[in-house]
Every structure is written in C-alpha cells, then in structure tokens.
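Engineer: Handing you this structure, nothing more for now.
The values are calculated or read from the model by the stated rules, or taken from the named source; none is laboratory data. Remember, predicted model here, so these are calculated numbers, not experimental data. Every residue, glycine among them, receives a Cβ derived from its backbone with ideal geometry; neighbour counts consider all protein chains shown. Heavy atoms of the whole protein, side chains included, go into the accessibility calculation; ligands, DNA and RNA do not. Shrake-Rupley method; radii C 1.70, N 1.55, O 1.52, S 1.80 Å.
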Amino acid sequence: MGSAGVSDEYSPPRLSRLLHALPHVNVTLHRVNDTFAPNSPIYLESLGILGSIPGAWLILTLTVLLIYLLTRCCDRKQRPPRSITALKITLMILSVVCCGAIGVGLFGNDDLHNAVLQSIQAGNQLAGLINTVKNQSSILEEAMGSRARAPLARLADALDAPVANQTALGTLLRALSALRNNASAAASAADNLRRPLAALNLDAVMKRAWVWEAARWAGGMAGWCCGGAVCVALLAAAARRSRVCAGCAGGVLVCGHALLTAGAVAAADACQEPARAVAHYAPHHLPVDMVYYYLSCKVSRENVLTAELRNAQRAVVAVRQALAVLSRGAPQMFTDPVLQPALGALGAGTGEAERALVSLSGALECRTARAYFVAAARAACDGGLQALSLQLLAAIAAGFLFTAIVLVDSHAWIYINTKRSGGGEEQAPFLSSGSSAGSRSLPRPAPFPNGKPPSYSAAVQLMDLADRERPSAEVACARRSRMSGSATLGRASGGLGGLGGLGALGGAGGSHTLGRAPHNGKYATLSKQCKTLESSDFY
C-alpha cells in the first residue's frame with residue numbers, strides 16, 4: 001500500500017533530460033558513458049571537464065584584462081571631469097544588474113534548501129518504515145523465541161504424565177512438537193528479517209544530511225552575499241579596492257560556477273533512474289537487488305525479505321493450529337494446574353506474533369517504500385535541480401557582469417582626474433562633476449616679465465601663497481609685522497620663500513611702499529589710493 005495522495009510513478013523531469021544530454025567527454029574529447037557512476041574515474045573525468053569550462057573563461061578574461069591594462073597603464077593624459085561620466089553611469093547600471101543576478105542566486109540557494117529539506121523529510125519517513133521492520137521483527141522473534149520457551153517446557157512436563165488414551169496423547173505430543181518447531185522457525189525468520197537491516201541506521205544518515213545541508217545553505221548564502229556586497233561597493237565608489245574586490249568575487253563565482261556545473265550534470269544523470277543510482281552507490285551494506293526492489297517495486301525475482309516474511313507467516317499459522325489442538329485436548333486429559341497458564345501464555349505470544357506480522361506485511365510492501373522514495377526523488381530532481389540550475393544561470397550572469405564591471409571600472413579609473421592625499425588614497429567621489437574643494441590647490445603664478453607684480457592685489461595674493469609655503473614660525477612673524485599697521489613690499493635679499501623677487505611685508509610709520517632691491521637705497525611709495533591692509537581683512 002502506498003501513501004495517501006502520493007503517486008508512485010516517476011519520470012525524469014525535462015530539465016534533468018536536458019542537462020543529461022550535455023556531452024560527456026574525456027581529455028581526448030571522445031564521448032564516454034553518461035550513466036551516473038561516481039565510482040568511475042572516467043565519469044568523474046567527464047564531470048571535471050564540464051566544470052573546467054568556467055576556469056577557461058576566467059583565464060581568458062584575465063588575459064584580456066591584463067592586455068588592456070598593459071596598453072592603458074601609461075596613459076596619463078588629463079581629461080575633463082565629465083569625460084568619463086558615461087563610463088561611471090555604465091558601471092552603476094552594471095552593478096545594479098549584477099546585484100539583481102546575485103539576488104536570483106540567493107533565491108535559488110534558498111529554494112534548493114527547501115527542496116533538500118523535503119527530500120530529508122521523505123527520507124525520515126523511509127527511516128521510520130525501516131525502524132518499523134526492525135521493531136516488529138524483534139517483537140516476533142521475542143514472542144516466538146525467548147518468551148515461548150518457558151511455557152513450552154511447562155506444557156511438555158504436563159503432557160508427560162501417564163494417561164490411558166495413548167492415541168489422544170500421541171496427537172497432543174505431535175501438536176506440541178509442531179508448536180515447538182514452528183515457533184523456532186518463526187523466530188529464525190524474524191531474525192533473518194532484522195539482521196540485514198541491523199547495520200542500516202537511516203536516522204543517523206538523515207541527521208548528517210541535515211547538518212551538511214545546513215552548512216551548504218549557510219555557505220551559499222555567505223558567498224552570494226559577498227558578491228552582493230562587492231556590487232554595492234562598486235556602486236558606491238569606483239576605486240581600486242572595489243576593483244580588486246570585484247576581481248576576487250569574480251574568481252569566487254567562477255569556482256562556484258564550476259562546482260554548480262558539475263553538480264547539476266551529476267544530479268541530472270542520477271535523476272534519470274534514481275532507484276538504480278541509490279541501489280548501486282548509496283553507502284549501505286544491503287543487497288543491491290533488495291534495495292532496487294523496494295525503491296523501484298519491479299519484481300525480478302523473489303526478494304529475500306519477502307521470502308522470510310512468508311516463512312514467518314506460515315510458521316505462525318502452524319503454531320496457531322497446534323495451539324488450538326492442545327487447547328482442546330490437553331485440559332480434558334490432564335489436571336495439572338500449570339497447564340492452563342502455559343497454554344494462555346503461548347496463546348498471548350501467538351497473538352502478539354500475528355499482530356507483528358500484520359505490521360511487517362505493511363512495512364515490507366514495496367509500494368510503501370516506493371511512495372516515500374518517489375516523494376524524495378521528486379523533491380530533489382524536480383525542485384532541487386531547478387533551484388540548482390537557477391543558481392547556475394545566476395552565476396553565469398554574475399560572472400559576465402563582473403567581467404564587464406572589472407573592465408569598465410579599470411577603464412574609468414585610469415582616466416579619473418583625481419588628486420591624492422599624503423596617504424595616496426583617491427579623493428574624487430563617484431559621479432562627481434569635478435575635483436572636490438578639498439583636493440584643489442592654488443596654482444603658482446607664472447613669472448613676471450619685468451620681475452614686478454602687476455598690481456598690489458596680485459602682490460597680496462602672492463604673499464598669501466608664500467605664507468602657505470613657509471614654515472609656521474615665519475608665518476607667525478609675518479602676521480605680527482602686519483599687525484603693526486604698515487607694510488612694505490620690496491625685493492629683499494632672501495626673497496619670499498624662494499619665490500625669487502618678492503620681499504616680505506615690513507613697515508614703519510603708516511605708509512605702504514613698493515620698492516626695489518636695497519642696493520639703490522630708494523623705495524617707491526605706493527599710490528595714496530591704495531587702501532590700508534589690515535590683518536583682519538587680509539585673513
């Protein structure tokens with residue numbers, strides 16, 4: 001009997017057939033057998049070749065990027081700030097689309113997790129079926145074995161008493177012998193039912209599968225989230241660190257792409273005939289024919305468990321018949337007080353053995369195990385394979401997008417016109433219209449043709465520039481001299497900070513003079529229209 005509402009019919013899904021149709025080739029590019037065989041080196045070699053395609057793609061893209069950087073790394077031509085705006089916008093769009101692809105990968109990872117949990121749940125039901133066989137076999141063995149020995153001994157002692165009717169006594173003794181022999185046969189059959197399954201602990205297998213799946217789900221989520229973080233970083237700033245992170249994330253995606261490709265093809269191969277794959281390659285010590293019989297429910301020859309179940313059923317029926325003969329004739333011929341309790345104990349044990357056989361008949365029916373296995377296979381081969389393929393497509397899209405992001409980011413960064421601070425960090429913000437205020441510097445004035453500033457305002461500007469380049473002690477002295485109320489501008493022997501031709505401000509009285517070098521002893525007086533230079537206005 002099968003589970004209610006669950007069909008035991010299974011056919012490979014279309015996606016499984018599509019992935020199974022991919023060519024399985026060896027290193028010499030010759031087709032090999034595509035039947036699922038994880039113990040075959042040739043089959044594993046074909047999966048490795050399919051998984052190496054992303055590695056070849058990584059080598060190709062890195063080679064292209066290296067050639068591009070070698071051709072562009074020496075190009076230091078200054079560009080207008082808005083000349084790479086299109087590249088920055090393209091980078092932003094690619095980053096957003098890449099984040100969308102990574103979101104699809106996250107969805108596929110979670111969907112795969114749910115499919116695997118459904119398979120584990122069906123596996124737990126199958127484990128419960130195996131535990132039922134073990135428990136009921138133990139009950140049958142105990143009822144017909146250890147618990148029946150004492151009542152049989154008391155019954156034999158009671159029938160040993162002398163009686164006049166030897167014919168009736170012979171019938172009772174033959175019934176007692178049949179009861180003893182058939183009880184032993186039933187106990188032996190029960191032991192044969194339980195022994196092959198004793199080493200199979202499917203509960204522990206399902207627990208380990210759950211732990212591995214939890215670790216796989218967490219690792220998948222962490223990997224996809226790292227890729228999303230890199231996309232966000234690239235969206236926030238076009239910097240060298242982001243580009244390096246993009247390259248690292250691209251490499252991680254390529255490795256994940258290789259694993260997903262090999263895993264998806266192997267799963268598709270196994271899903272063509274999952275019963276045979278589990279029967280041949282599952283880690284158990286059961287006979288292959290027996291496992292295949294219960295998972296496929298295709299009768300090729302009599303199953304060993306079914307044969308033992310029939311032996312136990314025949315033996316228990318014979319025990320019941322012999323017990324009926326003894327229960328009718330023994331009380332009439334013997335008055336031993338232990339006779340009735342012994343017959344009652346044997347009757348109770350026989351009833352318990354019959355109930356155990358009913359449970360064993362349902363648990364050992366192949367359609368029940370088949371229904372649970374089909375539910376697990378559908379969850380893994382339909383929903384699980386779809387989720388795995390969805391992650392594979394997301395990894396392919398993310399790989400292409402990361403490649404484009406690295407190329408566009410490298411091209412954009414080369415032509416970003418930025419100024420670096422003392423630590424060497426880039427200061428230009430992403431998508432900025434020009435250089436920021438913090439990265440601007442006052443340009444040096446060109447040398448004057450006659451060695452004199454063209455106006456007083458130009459002289460003040462050059463003085464301010466000189467203050468910025470002088471040490472702090474000289475700036476303080478210049479400020480104190482300006483605070484005195486007068487200033488002179490002339491050509492001193494030392495110059496202003498090595499500007500070659502600009503004197504420091506100094507003064508006496510309240511006049512402002514613009515003079516030449518001290519060798520002629522004359523100083524030109526500034527025009528009266530020049531305003532007094534006050535320290536508060538100057539700073």
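Engineer: Take region 273-289 and flag every residue that is assigned to a helix (DSSP H, G or I) and buried (at least 17 other Cβ atoms within 10 Å of the Cβ).
Structural biologist: So in region 273-289, the residues assigned to a helix (DSSP H, G or I) come out as 274-281, 288-289.
Matches in region 273-289: 274, 275, 276, 277, 278, 279.
Engineer: Another one. Here are 390, 385, 401: which of them is within 30 Å of residue 229 (Cα to Cα), open to solvent by 40 Å² or more (accessible area, probe 1.4 Å) and in contact (Cβ under 8 Å) with a residue 12 or more places away in the chain? Working first, answer last.
Structural biologist: Values: 385 fails: open to solvent by 40 Å² or more (accessible area, probe 1.4 Å); 401 fails: open to solvent by 40 Å² or more (accessible area, probe 1.4 Å).
Only one candidate passes the filter, namely 390.
Engineer: Let me ask you something else. Kindly list, by first and then second residue, each pair from a residue in region 28-44 that is acidic (Asp, Glu) to a residue that is surrounded by fewer than 14 Cβ atoms within 10 Å (Cβ to Cβ), limited to pairs with Cβ atoms under 8 Å and residues at least 6 apart or on different chains.
Structural biologist: Short answer, once both residue conditions are applied: none.
Engineer: Okay, next question. List every residue pair whose Cβ atoms sit under 6 Å apart, with the two residues 6 or more apart in sequence or on different chains, where the first one lies in region 85-96 and is closer than 15 Å to residue 402 by Cα and the second, anywhere, is at pLDDT 80 or above and in a helix (DSSP H, G or I).
Structural biologist: Here the result reads 94/401; 94/404, each pair linking region 85-96 to a residue that is at pLDDT 80 or above and in a helix (DSSP H, G or I).
Engineer: Still on this structure, please answer the following. Is it the case that residue 150 is surrounded by 19 or more Cβ atoms within 10 Å (Cβ to Cβ) and either under 24 Å from residue 327 (Cβ atoms) or of a type in the set (Lys, Arg) (or both)?
Structural biologist: Numbers: surrounded by 19 or more Cβ atoms within 10 Å (Cβ to Cβ): no; either under 24 Å from residue 327 (Cβ atoms) or of a type in the set (Lys, Arg) (or both): yes.
Taking the combined requirement at face value, the residue does not satisfy it.
Engineer: Can you tell me which residue among 259, 234, 253 is at negative phi, at pLDDT below 90 and open to solvent by 30 Å² or more (accessible area, probe 1.4 Å)? Let's see the steps before the verdict.
Structural biologist: Working: 234 fails: open to solvent by 30 Å² or more (accessible area, probe 1.4 Å); 253 fails: open to solvent by 30 Å² or more (accessible area, probe 1.4 Å).
After applying the criteria, what remains is 259.
Engineer: Hey, another quick one. Can you tell which of 224, 210 is closer than 30 Å to residue 98 by Cα and of a type in the set (Phe, Trp, Tyr)?
Structural biologist: Values: 210 fails: closer than 30 Å to residue 98 by Cα.
The conditions single out 224.
Engineer: Another question about this same structure. Can we say residue 374 is at pLDDT 90 or above, buried (at least 22 other Cβ atoms within 10 Å of the Cβ) and part of a helix (DSSP H, G or I)? Steps first, answer last, please.
Structural biologist: Numbers: at pLDDT 90 or above: yes; buried (at least 22 other Cβ atoms within 10 Å of the Cβ): yes; part of a helix (DSSP H, G or I): yes.
Taking the combined requirement at face value, the residue satisfies it.
Engineer: Run residue 338 past the list (1) open to solvent by 10 Å² or more (accessible area, probe 1.4 Å); (2) under 54 Å from the mean Cα position of the chain (by Cα); (3) among the β-branched types (Val, Ile, Thr) and report the number of the one that doesn't hold.
Structural biologist: (2)
Engineer: So residue 163 fits all but one of (1) among the aliphatic types (A, V, I, L, M); (2) in a helix (DSSP H, G or I); (3) open to solvent by less than 50 Å² (accessible area, probe 1.4 Å); what number is the exception?
Structural biologist: (2)
Engineer: Which of the residues spanning region 37-47 are open to solvent by less than 50 Å² (accessible area, probe 1.4 Å) and either modelled with pLDDT under 90 or part of a loop (DSSP other than H, G, I, E, B) (or both)? If you could, list the steps in order and put the result at the bottom.
Structural biologist: Step one: filter region 37-47 for residues open to solvent by less than 50 Å² (accessible area, probe 1.4 Å), giving 37-38, 40, 43, 46-47.
Those that are open to solvent by less than 50 Å² (accessible area, probe 1.4 Å) and either modelled with pLDDT under 90 or part of a loop (DSSP other than H, G, I, E, B) (or both): 37, 38, 40.
Engineer: Something else about it: Scan region 132-164 residue by residue and report those that are under 60 Å from the mean Cα position of the chain (by Cα) and among the acidic types (Asp, Glu).
Structural biologist: Those that are under 60 Å from the mean Cα position of the chain (by Cα) and among the acidic types (Asp, Glu): 141, 142.
Engineer: Testing residue 61 on (1) crowded, with 17+ Cβ neighbours inside 10 Å; (2) modelled with pLDDT of 85 or more, one condition comes back false. Which one is that?
Structural biologist: Condition not satisfied by residue 61: (2).
Engineer: Filter region 291-313 for residues that are closer than 30 Å to residue 153 by Cβ, touching a residue at least 12 places away in the same chain (Cβ under 8 Å) and exposed (fewer than 15 other Cβ atoms within 10 Å of the Cβ) and give the result. Working first, answer last.
Structural biologist: We begin by selecting, within region 291-313, every residue closer than 30 Å to residue 153 by Cβ; these are 308-313.
Still in the running and touching a residue at least 12 places away in the same chain (Cβ under 8 Å): 308-309, 311-313.
Correct list: empty.
Engineer: Mind checking which pairs have a first residue in region 50-72 that is at positive phi and free of Cβ contacts under 8 Å to residues at least 12 places away in the same chain and a second that is of a type outside the set (Gly, Ala, Ser) and open to solvent by 70 Å² or more (accessible area, probe 1.4 Å), Cβ under 6 Å, 6 or more apart or different chains?
Structural biologist: none
Engineer: Under 7 Å by Cβ, and 6 or more places apart or on different chains, what pairs join a residue from region 117-134 that is at pLDDT below 95 with one that is open to solvent by 40 Å² or more (accessible area, probe 1.4 Å) and basic (Lys, Arg)?
Structural biologist: Between residues of region 117-134 that are at pLDDT below 95 and residues that are open to solvent by 40 Å² or more (accessible area, probe 1.4 Å) and basic (Lys, Arg), the close pairs are 134/194.
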